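Just below is one structure, and these are the notes that go with it.
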Amino acid sequence: MHSLSTATRSIAALPLDKRHGRVVAVRGALIEVEGLAGAAQIGARIDIDTPDGIVPAEVTGIEAGLAQCMPFREPQGLSSGTIAWLHPGALSLRPCDAWLGRMVDGLGRPVDGKGELPLGATRQPIKAPPPLAATRARVGARIETGVRALDLFVPLCTGQRLGLFAGSGVGKSVLLSMLARWTECDVAIIGLIGERGREVQEFVEDDLGPEGMARSIVVVATSDEPALMRRQAAWTTLALAEHFRDRGLRVLCLMDSVTRFAMAQREIGLANGEPPATRGYTPTVFAELPRLLERAGPGLPGQGSITGLFTVLVDGDDHNEPVADAVRGILDGHVVITRKIAERGRYPAIDLLKSVSRTLPHCLEPEQNQVRLAARRILGTYADMEEIVRLGAYKAGSSPEVDDAVRIAPQIEAMLTQTKSDRGHAEDGFARLAALMETDHAHAL
């Protein structure tokens with residue numbers, strides 16, 4: 001009798017059925033499956049049997065009874081009539097503290113060759129809505145990044161979201177590595193979205209180092225992986241950040257780059273038949289960007305926070321291209337990294353006059369704001385007159401303001417120059433900046 005009741009409970013716990021369909025067409029990156037009408041939903045997971053193993057896929061569209069799917073890996077061995085099993089439940093993760101120091105892919109699977117990952121007690125949905133705006137805590141106090149140009153002129157606060165806008169080859173990745181090592185936080189979640197394969201190990205071993213890696217989880221989707229996996233990696237990065245935020249920790253979320261997430265979403269949208277809009281980007285790109293970025297920020301009162309630093313690879317150094325323009329309007333500030341400054345040898349090549357933190361001026365002390373504004377005026381005056389001075393068309397003594405700028409601005413530039421091993425401290429930086437401004441004032445008297 002006992003065995004019968006045990007068998008009854010076991011049978012009752014089984015799903016009533018396991019739906020499957022068959023592949024009827026493959027159009028580029030799009031796989032069409034029939035036989036799942038009424039069961040497949042947008043975002044559902046599909047497992048496609050092939051001679052080369054299971055090809056995991058996701059339902060990205062539904063049309064005329066066909067489930068339109070995109071694979072998470074190259075669909076080698078796929079043919080018409082291949083069985084596609086509908087995977088029950090939404091995609092989720094079960095992270096825990098043992099994941100720190102590890103590298104995972106967009107589905108939360110280990111890619112560092114260190115063995116399987118232990119599973120946590122609770123499930124974390126891959127794609128979750130942000131906390132309600134009316135119930136979220138406010139942005140917290142200023143935190144040090146170790147980068148003097150940011151700490152003095154574009155400060156970062158707990159729960160703030162800052163964008164790093166740059167063209168290719170101007171030091172964006174190096175700046176990101178400095179922020180990953182030095183920014184004050186409990187846990188760092190780093191998403192390398194569409195990154196070059198050879199740079200992943202360099203970033204982990206040389207830039208993060210053992211100390212930085214010990215408090216980090218790195219989510220990797222290289223540029224050769226399917227668009228769905230690149231998009232998924234971005235969602236997984238935020239899901240892991242949310243897990244540690246809900247435990248009351250200060251989380252630093254770094255993503256390189258949002259642009260490659262947008263490009264992956266564009267590929268998915270075009271494959272699903274969406275009409276291309278601005279520069280070929282589909283409408284869902286601009287719908288998904290805020291859904292992704294709004295997940296960072298302060299949590300509910302009593303929870304932790306996610307401080308987000310998102311890089312944007314501007315196309316052709318055009319800082320007004322569609323993705324950059326959309327992201328700039330969503331985030332709480334932007335840091336502009338320019339090729340002109342990099343070419344004259346000042347790294348990080350941050351254009352202080354074009355960079356903005358929307359937590360200013362309240363996140364700094366009144367004395368610090370006075371020093372910052374005085375230095376910013378000096379840099380602005382020098383930028384206006386720089387070409388004239390270099391051409392020798394300016395005569396010293398014609399303007400006291402320009403004379404001060406010509407003398408002080410190069411000293412400010414030298415102070416802001418840093419290498420990967422030169423960590424800055426905000427209090428020391430403000431003291432040095434104030435000393436320069438006092439020297440300028442004494443000279444004027």
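For the chain, the share of DSSP beta bridges that are antiparallel, to the nearest 5, is 55%.
State the Cα centre-to-centre distance between region 246-284 and region 198-218 in whole Å. Region 246-284 and region 198-218 have Cα centres separated by 24 Å. Between region 26-93 and region 290-312, the alpha-carbon centres lie 31 Å apart.
Convex hull volume of the Cα atoms of region 269-414, normalised per residue: 160 Å³. Remark on the chain: hydrodynamic radius 24.1 angstrom, per the Kirkwood mean of 1/r across alpha carbon pairs.
Straight-line reach from K172: taking Cα to Cα under 30 Å and skipping same-chain neighbours fewer than 8 places apart, the lysines in range are K114, K127, K340, K354, K420. Charge tally for M70 (other residues, Cβ to Cβ under 10 Å; Lys, Arg +1; Asp, Glu -1): -1.
Kirkwood hydrodynamic radius computed over region 93-357 comes to 18.4 Å, based on all pairs of distinct alpha carbons.
Note on the chain: helix-only mean residue ellipticity at 222 nm, from DSSP H runs of 4+ residues weighted -39500 (n - 2.57) and normalised by residue number, equals -11500 deg cm²/dmol. What is the helix-to-structure angle for 366-391, meaning the angle in degrees between its Cα long axis and the longest Cα principal axis of the chain, kept from 0 to 90 and rounded to the nearest 10? Tilt of helix 366-391: around 80 degrees.
For region 366-439, averaging the sequence separation of C-alpha pairs within contact (under 8 Å, six or more residues apart) and dividing by the residue count gives a relative contact order of 44 percent.
The length gained by stretching the chain between D206 and H425 to full extension, at 0.36 nm per residue less their Cα-Cα distance, is 76.6 nm. Positive end of the dipole of region 228-284 (Cβ unit charges, origin at the Cα centre): among N272, W235, T284, the Cα lying farthest that way belongs to W235. Note on exposure: D206, D351 ranked by accessible area (1.4 Å probe, complete protein assembly) read D206, D351, with the most exposed listed first. If R0 is taken as 56 Å, the Cβ-Cβ distance between D246 and A393 corresponds to a FRET efficiency of 0.40. Think of each Lys and Arg Cβ as +1 and each Asp and Glu Cβ as -1; about the Cα centre, that makes the dipole of region 388-429 roughly 260 debye. Think of the chain as a dipole: +1 on every Lys or Arg Cβ, -1 on every Asp or Glu Cβ, centred on the Cα centre; then among V111, A137, W182, A137 lies furthest on the positive end.
Just to confirm my numbers, what's the Cα centroid distance between region 359-410 and region 335-354 in Å? Taking the Cα centre of region 335-354 as reference, the centre of region 359-410 is 16 Å away. Remark on R161: its backbone amide H falls under 5 Å from those of G308, D332, a criterion applied only to residues 5 or more positions apart or on other chains, H modelled at 1.01 Å from N. The residues K127, K114, sorted by heavy-atom accessible surface at 1.4 Å with ligands and nucleic acids left out, run K114, K127 from largest to smallest. Counting only Cβ charges, +1 for Lys and Arg and -1 for Asp and Glu, the dipole size of the chain around its Cα centre is about 880 debye. Computed about its Cα centre, the charge dipole of region 25-158 is approximately 720 debye, with only Lys, Arg, Asp and Glu carrying charge at their Cβ. For a paramagnetic label modelled on T417 (point 7 Å from Cα along Cα→Cβ), amide N atoms under 12 Å away are absent within region 134-161. Of R123, R344, R94, the residue with the greatest mean-square motion in the GNM of the chain, using alpha carbon springs below 10 Å, is R344.
Sorted into 5 angstrom bins from 0, the C-alpha pair distances of region 168-326 split as 2, 9, 18, 21, 20, 15, 9, 4, 1, 0 percent. Shape analysis of region 153-255 places it in the rounded category; the axes a ≥ b ≥ c from the Cα gyration tensor give an a/c below 1.5.
Measuring only protein heavy atoms, the 1.4 Å probe finds S177 accessible over about 0 Å².
The values are calculated or read from the model by the stated rules, or taken from the named source; none is laboratory data. These figures come from a predicted structure and were not determined experimentally. Virtual Cβ from ideal backbone geometry, glycine too; neighbours counted across all protein chains shown. The area values use the complete protein model at the heavy-atom level, side chains included, leaving out ligands, DNA and RNA. Shrake-Rupley method; radii C 1.70, N 1.55, O 1.52, S 1.80 Å.
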